[in-house]
Structure formats: C-alpha cells, structure tokens
Amino acid sequence: MIPTRTETLVTVFGGSGFAGRHVVRALARRGYRIRVAVRRPDLAGHLQPLGRVGQIHAVQANIRYPGSMIPAMRNADVVINLVGILFERGRQRFDAVQTEGAEAVARAAAAMGARLIHGSAIGADENSPSHYARSKAAGERAVLATMPSAVITRPSIMFGPEDDFFNRFASLARLSPFLPLIGGGHTRFQPVFVGDVAAAIADAVDGKAKPGTVYELGGPDVLSFRELMNYVLRTIGRRRLLVPIPFALAKLQAAVLQFLPKPPLTPDQVEMLKFDNVVSPAADHEGRTLGAFGIEPTAIATIVPSYLWRFRKTGQFKPVVPGRMG
C-alpha cells in the first residue's frame, strides 16, 4: 500500500537554510511529516510556524559525520539533501561538504531504503577551474553511483525575500557610489524563484520526477550581470556608476576579501563568474526543467520589488517607474 502524505516522513538536510526553509514550507503545505536535520537544532525554531503542531521536527545531524545521519533518517521514506557552502571556513570545505558529505547522505539513504533528492547547482562541472563547481559535480557523480535512482536538482541563482544576491547588491548600492561589474558584467544568469525550486522538489517527493535524472531549474529571464545590476538600481530608485573590473583585478581583490567573516567575493567565485549560469540547451531540449513539473517560472519583476523596497530612500512610499529588465 502506498503511504499517504500524512504517513510519509521526509528528512531534509539543510532545511534551515535559504532554499531549505522554502522546501520545508512547500512540504508542510502538502501534509508531509518533516524531520529537519541541522547542525544546530536550537537555531531552527523559525521553521516550526511553517507547519501544524508536531508536523516539523528538528534534529541534530552533520553530514561530515556519517554516524549522526542514521538517527536523522530512521524510518524516513524520502531524504532531501540541500547542504552546501559558498566559501570555505575551518572544517567546512567544499570536498568535505559537497562531495564526501553528499556521498555519505546517499549511502545512508540507500541503507535506509529511502528515496533521495539531491540539491546541486547549475555550473557543476568536474573540469571547472572553480573548486566549488568541481565539488558539486563530484558530489552528483558520487550520489548517482551510490543511488542510481536519485533525483538531482540544479538551480541557477535563486531569488526570494531572504536571498543573498539581490539583497546584497541593493545593500551595497545604498552605501557605495558604484557597483562592480566583474569581468565587465557579461556573465549571463537565469535567476529562478526559490518558491519554484521548492515546488519542484516537493513534486519530486510526490513522485513526479524521473529517477536518475538531473533537472536544471532556471527562471523565464536570461540576463547579464550588468542587466541585473541595472535592474537592482532601477528597483531601488538609485543612480550608481557601474564600474567594469577585469577578472585578474577582481581576483586580486578577492584574495583579500576572502578573509572577511562573510566574504562578498572569493577567488573561487571569480572563477565561477567566468562562465554563464543558465539552463543548458540539452536540459531544455530533453525537458529536464521546471516545465517537466508543470511549473511556470516566476519572473523577477513579480517578486523582487516586494522585498527590495526597503533599500529605497523613502522605503515603500517611493514609486517605482516601470521599465525594461535590462
């Protein structure tokens, strides 16, 4: 007998992060029981209001320590791994978290007989000069080698009220007389609404994804970095210079900035910015996109102004002049 949603237990690793909290919300709305596996359960209290009383439960687990994952997965029907890092600190290394950690989650899920959905990223490439991208690709390969039936999602940069992209540059524009265009601002992105990514993952939990498939998730707009910066400035009603910075100079600056507690730029991120971050033609042709789940991608203009208003000089009372995205 196929278990109902209320009988189905889903363990979400990384459920307290940006994408994770949206996935937890989407699963809770569909009636699933959710176990959120995080390093610090005491800091995951913000997830409780996303569901009914007792529906969401946080437990301690660390994917760098396989022994801690077994209790977190016990009796789980589905396991979702959304753990990832954008920069390295201490024992939080790309290989340890995104390759070895991903493989450990897959091994534990296989041992428990649970289905696995693994969160990766567009740009994952074992031949990339970026260590982040290589570790993501190696993680995908390890996951599929361990669990060939695993479903992998690769989103482009995600946007939403708590995002670290639009918020970061809007905040910078409030303080700085200019915004940097790394490599001239020509790199293309396909920003995807985090709510759409969460819906796709929830659909995969529902069983709507093809086992062993890598889905690339992008929004409806493909924009250059320059176009995105122009959009941020127009949305918050500020005029700032857009200053092109060659990759070589950006890497020198990043070599210093990487030592900040939360670095705005690292040398590895400069390497990633040398390549477009968009859905591949192959994924588009084969239908391995949001369209496979019947999801119409949400446009940036529909969501981003609703949370960038706080960066305007007069907040929500300053009208926004409609204009082109670019």
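The values are calculated or read from the model by the stated rules, or taken from the named source; none is laboratory data. What you see is a predicted model; the values in this text were computed from it and never measured. Neighbour counts are summed over all protein chains in view; Cβ atoms, including those assigned to glycine, are modelled from backbone coordinates with ideal geometry. Just the protein is used for accessible areas: all its heavy atoms, side chains included, with ligands, DNA and RNA removed. Shrake-Rupley method; radii C 1.70, N 1.55, O 1.52, S 1.80 Å.
Some notes on this structure:
- Among the residues of region 215-233, those that are of a type outside the set (Phe, Trp, Tyr), touching a helix residue (DSSP H, G or I) at 6+ places or on another chain (Cβ under 7 Å) and surrounded by 20 or more Cβ atoms within 10 Å (Cβ to Cβ) comprise GLU216, LEU217, GLY219, MET229, VAL232.
- Among (1) on the phi > 0 side of the Ramachandran plot; (2) surrounded by fewer than 19 Cβ atoms within 10 Å (Cβ to Cβ), the one test that GLY123 misses: (2)
- Pairs linking a residue in region 205-221 that is touching a residue at least 40 places away in the same chain (Cβ under 8 Å) to a residue that is loosely packed, with under 13 Cβ neighbours inside 10 Å and of a type in the set (Ser, Thr, Tyr), with Cβ atoms under 8 Å and 6 or more positions apart or on different chains, are PRO211/SER149; GLY212/SER149.
- In region 234-306, counting only helices (runs of 4 or more DSSP H) that sit wholly within it, the ones holding 1 or more residues that are closer than 17 Å to PRO129 by Cα and open to solvent by 40 Å² or more (accessible area, probe 1.4 Å) span 247-257, 267-272.
- Scan of region 57-67 for residues that are part of a loop (DSSP other than H, G, I, E, B) and of a type in the set (A, V, I, L, M), ordered by number: ALA61, ILE63
- Pair list, Cβ < 6 Å and 6+ apart or interchain, from region 159-175 residues that are open to solvent by 10 Å² or more (accessible area, probe 1.4 Å) to residues that are in a loop (DSSP other than H, G, I, E, B): PHE165/ILE157
- Complete set of residues in region 254-268 that are closer than 25 Å to ASP125 by Cα and over 24 Å from the mean Cα position of the chain (by Cα): ALA255
- When every residue of region 209-229 is checked against the conditions, at least one turns out to be in a helix (DSSP H, G or I) and of a type in the set (A, V, I, L, M).
- One residue alone among PHE317, PHE311, PHE247 is among the aromatic types (Phe, Trp, Tyr) and modelled with pLDDT of 95 or more, and that residue is PHE247.
- Test for ALA142: is it open to solvent by 40 Å² or more (accessible area, probe 1.4 Å), at pLDDT 95 or above, touching a helix residue (DSSP H, G or I) at 6+ places or on another chain (Cβ under 7 Å) and not hydroxyl-bearing (Ser, Thr, Tyr): no
- Scanning region 68-101 for residues that are in a helix (DSSP H, G or I) and either modelled with pLDDT of 95 or more or aliphatic (A, V, I, L, M) (or both) yields MET69, ILE70, ALA72, MET73, PHE94, ASP95, ALA96, VAL97, GLN98, THR99, GLU100, GLY101.
- Looking only at residues of region 26-45 that are over 24 Å from ILE70 (Cα atoms) and part of a helix (DSSP H, G or I), we find that the one that is farthest from the chain's Cα centre (by Cα) is ARG29.
- Filter result for GLY51 (open to solvent by 40 Å² or more (accessible area, probe 1.4 Å) and more than 18 Å from SER120 (Cβ to Cβ)): no
- When the test is whether a residue is at pLDDT 95 or above and buried (at least 20 other Cβ atoms within 10 Å of the Cβ), SER128 does not pass it.
- Between ALA61, ALA72, the distinction of being without any contact (Cβ under 8 Å) to a residue 60 or more places away in the chain, of a type in the set (Gly, Ala, Ser) and touching a strand residue (DSSP E or B) at 6+ places or on another chain (Cβ under 9 Å) belongs to ALA61 only.
- GLY54, sole failed condition from (1) outside any loop (DSSP other than H, G, I, E, B); (2) modelled with pLDDT under 95: (1)
- Cβ pairs under 9 Å, 6+ apart, first in region 185-198 and among the basic types (Lys, Arg), second open to solvent by 20 Å² or more (accessible area, probe 1.4 Å) and assigned to a helix (DSSP H, G or I): ARG188/GLU227
- Candidate set from region 6-20 (those that are part of a helix (DSSP H, G or I) and touching a residue at least 60 places away in the same chain (Cβ under 8 Å)); member that is surrounded by the fewest Cβ atoms within 10 Å (Cβ to Cβ): PHE18
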